[in-house]
1. Using the Karplus curve 6.51 cos²θ - 1.76 cosθ + 1.60 with θ = phi - 60°, work out ³J(HN,Hα) for each residue of the stretch 163-180 in order, rounded to whole Hz, and write x for Gly and Pro.
2. So who's got an amide H within less than 5 Å of the one on residue 119, skipping anything under 5 residues away but keeping other chains? H placed 1.01 Å off N, in plane.
3. Beyond a 25 Å Cα-Cα separation, which of these cross-linked pairs lie in this structure: 38/232; 99/232; 205/247; 210/254; 222/262?
4. With just the Cα atoms of the stretch 123-174, tell me how far they stretch along each of the three principal axes, in Å, largest first.
5. With axes computed from alpha carbons, what is the tilt in degrees of helix 71-80 against the longest principal axis of the chain, rounded to the nearest 10 within 0 to 90?
6. Could you give the dipole magnitude of the chain about its Cα centre, charging the beta-carbon of Lys and Arg +1 and that of Asp and Glu -1, in debye to the nearest 20?
7. Cα atoms only, the chain: Rg and Dmax in Å?
8. Identify, among 267, 125, 211, the residue whose Cα sits farthest towards the positive end of the charge dipole of the chain, taking +1 on the Cβ of Lys and Arg and -1 on the Cβ of Asp and Glu, with the dipole about the Cα centre.
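The values are calculated or read from the model by the stated rules, or taken from the named source; none is laboratory data. Remember, it's a predicted structure, so these values are computed and weren't measured experimentally. Cβ: placed from backbone, ideal geometry, glycine included. Neighbour counts: every protein chain shown. Accessible surface areas use protein heavy atoms only, side chains included; no ligands, DNA or RNA. Shrake-Rupley method; radii C 1.70, N 1.55, O 1.52, S 1.80 Å.
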Amino acid sequence: MIIFKSINKLNKEVDFKANIGFVPTMGSLHNGHIYLIKSSKKYCKKTLVSIFINPSQFNKKKDLKRYPRNLLKDIKILKRLKVDYLLTPRVGEIYQNKKDRKIQLNKNDKIMCSLFRPGHFEGVLAVINQFLKKIKPKSIFLGEKDYQQLFLINKLIKKKFNVKVIPCKNIRDINNIALSSRNILLNKKDLNKSSFVATLLLNFKKRLKKNLLFRNQIPNIKKIICEIKDIKLEYLEIRNKKNLTKKFTKNNFKIFISYYNKKVRLIDNF
C-alpha cells in the first residue's frame with residue numbers, strides 16, 4: 001500500500017484513467033468500512049481510501065475533538081485488506097478558502113438530520129466536492145447507514161461529476177446495532193440499549209411491510225424509546241426511500257431515527 005499525504009503527489013503518481021474505486025472515510029475503521037473496501041476491490045482494478053476528519057461537518061468543536069482516531073490501527077487494517085492507496089491530506093490542502101467549506105442545501109433537503117445538525121451536510125457535500133474536484137476516481141463507494149448523506153451526495157455528483165456512486169448495505173453486528181465509529185464511545189450497557197432500539201424498529205418494519213396502517217403506532221414506538229434511561233430521541237420518521245418525501249408505499253419506505261445514547265449521537269435506518 002502506498003500512503004500519500006498530498007493530493008498533488010497522489011495525482012502525479014496514480015493514473016486515474018484506470019478503473020479506480022474511492023472509499024472516503026474519517027478513520028476508526030470497522031466492518032462497515034471493510035465492506036465498502038471489499039466492494040471496491042471486487043468491482044475496481046485499484047482502490048483508494050481516504051482518511052480525513054472533516055472539520056466542516058461538525059457543529060461543535062467538542063464533537064470534533066471527541067471523534068475517535070486511531071491512524072496506526074487503520075493502516076494495519078488497510079494493509080491487511082491489500083488496499084492500493086491511502087490518502088491522508090491536511091485540512092489546508094482540502095480547503096483553500098472559507099467558500100470551499102460549505103455547499104448550500106435546497107429547502108426541500110432540510111429535513112431529518114439537516115434540521116438537527118444545521119451545517120452538517122453542507123460540510124459533508126463540501127468535502128466530497130473538493131475530493132472529486134482534485135482526484136478523478138471512476139467510482140465512489142458509500143454506505144447506506146448514512147442514507148440521507150448518500151442521497152444528497154448522489155444529487156451533487158449527478159449535477160457535477162462523471163463518477164459512479166455505488167451504495168453499499170448497512171452492516172449490523174450480531175445485536176442488530178448498525179456499525180459506527182461512534183459505537184466505541186459506548187459501554188456494554190449503552191450498547192444493549194441501542195440493540196433494543198434497533199431490534200424494536202426492525203420488528204416494526206416487518207409489521208409495516210404487511211400493513212401500512214401500523215404507521216399509526218409511531219407515537220407508541222416513540223414513547224417506548226423515550227422511556228429508556230439516558231436515551232434522548234431527536235426524530236423517528238417514515239419516508240420514501242427514493243426521494244425522502246413522506247409519500248410512500250409498503251414497497252418503497254424506510255424508517256429513519258436519530259437519538260442520543262447518553263452523549264453519543266446515533267443515526268440508523270431500516
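1. Listing the rounded values in order: 10, 7, 8, 10, x, 10, 4, 6, 9, 10, 8, 5, 9, 6, 7, 5, 5, 8 Hz.
2. Placed amide hydrogens put nothing under 5 Å from residue 119.
3. Values: 38/232 35 Å; 99/232 34 Å; 205/247 16 Å; 210/254 14 Å; 222/262 17 Å.
From 38/232; 99/232; 205/247; 210/254; 222/262, over 25 Å: 38/232; 99/232.
4. Taking the Cα atoms of the stretch 123-174, the three principal extents are 39, 22, 16 Å.
5. Helix 71-80 and the main axis of the chain meet at about 80 degrees.
6. Working: 64 positive and 18 negative charges, 64 e Å.
Dipole size: approximately 300 debye.
7. In order Rg, Dmax, the Cα atoms of the chain give 18.9, 58 Å.
8. Result: 211, furthest along the dipole toward the positive end.
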